[in-house]
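A quick write-up on the structure given underneath.
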Amino acid sequence: MLSGTGRHRRPRQAPALLVTAGVTSAGIAMPFMGATGAQAVEPSTWDAVAQCESGGMWSANQDNGYYGGFQLTLKTWKKYGGTEYAERPDLASRGQQIAVAEKILAGEGPEAWPVCAVSSGLAAEANAAADDRAATPGGDATATPDGNGTPAPGESGRDGDKPLLPTTPT
């Protein structure tokens, strides 16, 4: 009269298909997990960009259409998800503004801050981070034709339509 539902019964194994799907999915997701949490730029570099853009005033609002430490337009703030933090950049914290700036950097490159990217070291740091990603397995192997961060003569920069910024002020 054993029913097989007692506390000493043998546990059932998950079907092999589910186990395989779980392991495969984890293997695919692992590279993405590491890539999303890391900052591409040091906080001190972002401070230097803000110093150049707004005198380091994270709450800058001069009624000129540019807001916060990075002097962003409302259109750019909204495009890169800033409104999940605050209505305008000048109302967001330093950390929130940097989080949005990281997204802008990923989307537009250092050209989003054409003058201050060079003088603050942002262009050099962003280019170095892009070179590091290109050198790692699964990185952007098409970063540059010669693999050292320099486009071939007659070609544009990393994403095909933006030239690279110089890494030192000229």
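Tabulated data
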| read-out | value |
| --- | --- |
| Computed P(r) (all Cα pairs; region 43-133; 5 Å bins; percent) | 3, 16, 28, 26, 18, 7, 2, 0 |
| Net length gained if the chain between Gln51 and Lys75 were fully extended (0.36 nm per residue, minus Cα distance) | 6.4 nm |
| Hypothetical label at Ser59: residues of region 84-98 whose amide nitrogen lies under 16 Å (7 Å Cα-Cβ projection) | 86-97 |
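Read the figures in this text as sums done on the coordinates, not as results from a lab. The shown structure was predicted, so the numbers you read here are calculated from the model rather than taken from an experiment. Methodologically, a virtual Cβ is constructed for each residue, glycine included, from the backbone with ideal geometry; neighbour enumeration extends over all protein chains shown.
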